[in-house]
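Working notes, structure below.
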Amino acid sequence: MNQKSTSIETVLGELNPPQREAACHGPSPLLIVAGAGTGKTTTLAHRVAWLIHEGTDPSRILLLTFTRRASAEMLRRVEAILRQLEGGRGGTAPGSTRVWGGTFHSIATRLLRRFGRMIELPSEFSILDRGDSEDLMASLRNELGLGETGRRFPKKGTCAAIYSRVVNTQTSLREVIEHAFPWCAEDLDGLGELFAAYVDRKEVQHCLDFDDLLVFWEALLDDPGAGPAVRKLFDCVLVDEYQDTNRLQSRLLKGLCPDGVGLTAVGDDAQSIYSFRAATIRNILDFPEEHPGTTVVPLEQNYRSTQPILEATNRVIAQASQRHTKTLWSDRTTGERPVLVNCTDEDEQSDFVVEEVLARREEGVALKDQAVLFRASHHSLALEVELAQRNVPFHKYGGLRFLETAHIKDLLAFLKLVDNPRDGVAATRMLLLLPGIGPVRAGRMVEALLEAGGQLSAWNDIKPPPPSTEIWPSLMTLLKRLAGDDRAEQNVSAELHQVRQFYTPLLESRYDHAAARLRDLEQLEQLATRYNDRSRFLAEITLDPPSSTQDFAGEPILDDDFLVLSTIHSAKGLEWDSVFVIHAADGNIPSDMATGDDEEIEEERRLLYVAMTRAKNRLFVCYPQRYYFRGRRRSDAHGFSQLSRFLTEDVLECCQRRTARPLESDEADDDSFTADVTAAEIRRRIKDLW
DNA sequence: GTCACAGAAATTTTT
DNA sequence: TTTCTGTGAC
């Protein structure tokens, strides 16, 4: 006993006073306002460990995080602390804490599978990812004839975005359209009709989309039977990244902890960057009113960055209009000031980044400890080409996911259909792969399937169109084998293998670069070897898709070193020794797509703030002065850009300024370079004569 | 009904 | 560069 309390003291001794106050706070509601790099993860991990140490049953703790990766990291640290407390006397093996950890969506899935029946939801449901929702919207739009009004109807992606916003903000369709999608005002009625059909169809098909997971979780909490049962599961609920939750999510917390007892939220209003997903900064600002008796603990000591970097980032965020004021400070007072890098164009920017990254590596900073951050996924394309040419390994996070590529979705459609034969989205996708089957025929076949209550045998008597007569029986055999009872001992990977054998010839006739795509399929198969439960595999891969190609490769090789390329959104919560923010020009940050109103612009400011605060020791902010308009006839057409409006004089005072062009180049080099440009220019001008 | 091709249009961030 | 829409052949 005595020895144990000594060691908890030692463990807590690693924390500064506010961190410690937060970690050891009692059961009343707690809001930790944690600035960038202030040891938020450490504090939260210590809090969980402290709760367990104080006697809370780990399986009665719910830890909600933004990604599953964040959840895994947090639990790993909790376990490490617990092991420390036990003095290595065993007991806390990795993965043994049994804390409920995951994203809102994955926890929703678990709860709904278990309690869904109490609100008349089938426990066997499939999850539609964003692309699936869009596909369903598209086919319903055609069925309803909404595209035939002469004017063009909003695209499927826009429809899905509007729908999701309505659900997540819990406001009326009219309001959402007026505020966020004014150009769709004329389609108000059509959209209403479409959304009604969408809701009905999901019900018939036993499918839930991402938003449904949250909506039905709330329904569970509101239900007189299920609500208390769910609430009874948890003594403590902790939420990370609270600034990026939406109204619906805050209501879920209220439903879980109506009186706020056992509730902890952690976040930083200055880092709220997900309003496009209906996240609202109001959640964190209003938390104390929503949960009376809240203790607010601010964390302001930054352990990540040097003071010179913080000075610049503090000035970026100081211009924000509404925020919970806090000034971050660090006792790492020495260090280089951030560098503003002036590049003539994008190629020079890429050059600069590659050179500088390699120079850092020479100094002993591994590639893995360096990152290049950008606003939009395509901003890194030129850099990717340059890195590939110079054999610099890199991983890219964010942007188009592996799972969203057509061939992967094709392969998974077979499995999804077998898993839930009512899943019309999967069925349609699969059927369209067959020659001679188009949207009309596929629609009829799906209808027949649904009428038969999802019995695949409904297709036994189908007469396929001539081009598919040969392949049809083998498809039916495949589906029956996958759906058969003897599959109990089958690994998901083995199932995928069977599908792949059937699918390969279809893929080869349908897509270019078949070899590369087939490799992807093999990797997916590899990934699936860890799963024996098909439903779980499908749910997990949908809710938490592998975020980079490399994630497929299983265990990372230890000496594998690579540069990180990431969208700013995907960089949330992470940190690197050296950070390069590229394309810091107006139009990119803030994005031209997001300068509609002041709130959007404020969010773009926070985005730049998030990017810059990822850096520990070195920070480079690059901007190309000139952009070429690619693709069109005149290859020399270009425009000049302005430095991002958020990098004001005030901020620049804290920075060094540099040009990307190497200064050491002697005059001869300079001359030859100029001559080169001139020759190219002359050639272009000659071409322009035609 | 399906498919292949052509031309036009749009183009962020993600559970 | 991808995605959508329209057209015409089978």
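The values are calculated or read from the model by the stated rules, or taken from the named source; none is laboratory data. Because the structure is a prediction, the values reported are computed rather than measured. Every residue, glycine as well, gets a Cβ built from its backbone with ideal geometry; the counts of neighbours run over all protein chains shown.
Structural remarks
- Residues that are in contact with an Asp or Glu (Cβ under 8 Å, 6 or more places away or on another chain) and at pLDDT below 90 are absent from the stretch A:303-315 altogether.
- Which numbered condition residue A:346 misses (of (1) touching a residue at least 60 places away in the same chain (Cβ under 8 Å); (2) buried (at least 19 other Cβ atoms within 10 Å of the Cβ); (3) more than 16 Å from DNA strand C (Cβ to nearest atom); (4) farther than 20 Å from residue A:40 by Cα): (3)
- Selection count, the stretch A:170-179, where residues are assigned to a helix (DSSP H, G or I), modelled with pLDDT of 85 or more and surrounded by fewer than 20 Cβ atoms within 10 Å (Cβ to Cβ): 3
- Test: residue in the stretch A:319-336 that is under 16 Å from residue A:659 (Cβ atoms), surrounded by 16 or more Cβ atoms within 10 Å (Cβ to Cβ) and more than 28 Å from the chain's Cα centre (by Cα): no
- So residue A:364, is it assigned to a loop (DSSP other than H, G, I, E, B) and in contact with a strand residue (DSSP E or B) (Cβ under 9 Å, 6 or more places away or on another chain): no
- Being within 22 Å of residue A:106 (Cβ to Cβ), surrounded by 13 or more Cβ atoms within 10 Å (Cβ to Cβ) and away from DNA strand B (no atom under 13 Å from the Cβ) is a condition met by at least one residue of the stretch A:180-202.
- Close pairs from the stretch A:66-78: first closer than 24 Å to residue A:398 by Cα, partner assigned to a helix (DSSP H, G or I) and away from DNA strand B (no atom under 13 Å from the Cβ), Cβ under 6 Å, at least 6 apart: A:74/A:45
- Contact map, the stretch A:613-632: residues that are outside any strand (DSSP E or B) paired with residues that are modelled with pLDDT under 75 and within 16 Å of DNA strand B (Cβ to nearest atom), Cβ distance under 8 Å, separation 6+ or inter-chain. Pairs shown: A:629/A:637; A:629/A:638; A:629/A:639.
- Failed item in (1) surrounded by 21 or more Cβ atoms within 10 Å (Cβ to Cβ); (2) more than 26 Å from the chain's Cα centre (by Cα), with residue A:238 passing the rest: (2)
- Selection within the stretch A:54-109 - polar (S, T, N, Q) and at pLDDT below 90: A:67, A:71, A:84, A:92, A:96, A:97
- Tally, over the stretch A:131-163, of residues that are out of contact with any strand residue (DSSP E or B) (no Cβ under 8 Å at 6 or more places or on another chain) and closer than 27 Å to residue A:545 by Cβ: 18
For (1) surrounded by 14 or more Cβ atoms within 10 Å (Cβ to Cβ); (2) closer than 21 Å to residue A:541 by Cβ, each residue gets a yes or a no:
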residue: A:450; (1), (2): yes, no
residue: A:472; (1), (2): yes, no
residue: A:477; (1), (2): no, no
residue: A:480; (1), (2): no, no
residue: A:484; (1), (2): no, no
residue: A:492; (1), (2): yes, yes
residue: A:495; (1), (2): yes, yes
residue: A:500; (1), (2): yes, yes
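- Residue in the stretch A:183-199 that is touching a residue at least 12 places away in the same chain (Cβ under 8 Å), out of contact with any helix residue (DSSP H, G or I) (no Cβ under 9 Å at 6 or more places or on another chain), under 27 Å from residue A:451 (Cα atoms) and not hydroxyl-bearing (Ser, Thr, Tyr) present: no
- Which listed residue, of A:575, A:600, is modelled with pLDDT of 90 or more, surrounded by fewer than 18 Cβ atoms within 10 Å (Cβ to Cβ) and under 20 Å from the mean Cα position of the chain (by Cα): A:575
- Failed item in (1) away from DNA strand C (no atom under 16 Å from the Cβ); (2) farther than 29 Å from residue A:283 by Cβ; (3) touching a helix residue (DSSP H, G or I) at 6+ places or on another chain (Cβ under 9 Å), with residue A:330 passing the rest: (2)
- Selection count where residues are within 14 Å of DNA strand C (Cβ to nearest atom) and of a type outside the set (Ser, Thr, Tyr), scope the stretch A:403-436: 11
- Long-range neighbours under 8 Å by Cβ, at least six apart or interchain, first residue within 16 Å of residue A:68 (Cα to Cα) within the stretch A:222-242, second surrounded by 16 or more Cβ atoms within 10 Å (Cβ to Cβ) and among the charged types (D, E, K, R): A:238/A:47; A:240/A:40; A:241/A:572
- Residues of the stretch A:316-329 classified as at pLDDT 85 or above and touching a strand residue (DSSP E or B) at 6+ places or on another chain (Cβ under 7 Å), total: 1
- Contact map, the stretch A:117-143: residues that are without any contact (Cβ under 8 Å) to a residue 12 or more places away in the chain paired with residues that are assigned to a helix (DSSP H, G or I), Cβ distance under 8 Å, separation 6+ or inter-chain. Pairs shown: A:123/A:112; A:123/A:113; A:123/A:114; A:123/A:116; A:123/A:117.
- Only one entry in A:402, A:414 is more than 11 Å from DNA strand B (Cβ to nearest atom), closer than 28 Å to residue A:513 by Cα and modelled with pLDDT of 85 or more, namely A:414.
- Failed item, numbered, when residue A:56 is tested on (1) touching a strand residue (DSSP E or B) at 6+ places or on another chain (Cβ under 8 Å); (2) in a helix (DSSP H, G or I); (3) surrounded by fewer than 22 Cβ atoms within 10 Å (Cβ to Cβ): (2)
- Each residue in the stretch A:103-144 was checked for being over 27 Å from residue A:441 (Cβ atoms), in a loop (DSSP other than H, G, I, E, B) and either among the aliphatic types (A, V, I, L, M) or within 13 Å of DNA strand B (Cβ to nearest atom) (or both), and 1 of them qualify.
- For the stretch A:301-325, the set of residues classified as over 18 Å from residue A:573 (Cβ atoms) and in a loop (DSSP other than H, G, I, E, B) consists of A:306, A:319, A:320, A:321, A:322, A:323, A:324, A:325, listed by residue number.
- Any hit, the stretch A:428-449, residues being within 16 Å of DNA strand B (Cβ to nearest atom) and touching a strand residue (DSSP E or B) at 6+ places or on another chain (Cβ under 8 Å): no
- Among the candidates A:357, A:425, residue that is closer than 19 Å to residue A:611 by Cβ and modelled with pLDDT of 90 or more: A:357
- Checking A:538, A:521 one by one, the residue that is at pLDDT 85 or above and in contact with an Asp or Glu (Cβ under 7 Å, 6 or more places away or on another chain) is A:538 and no other.
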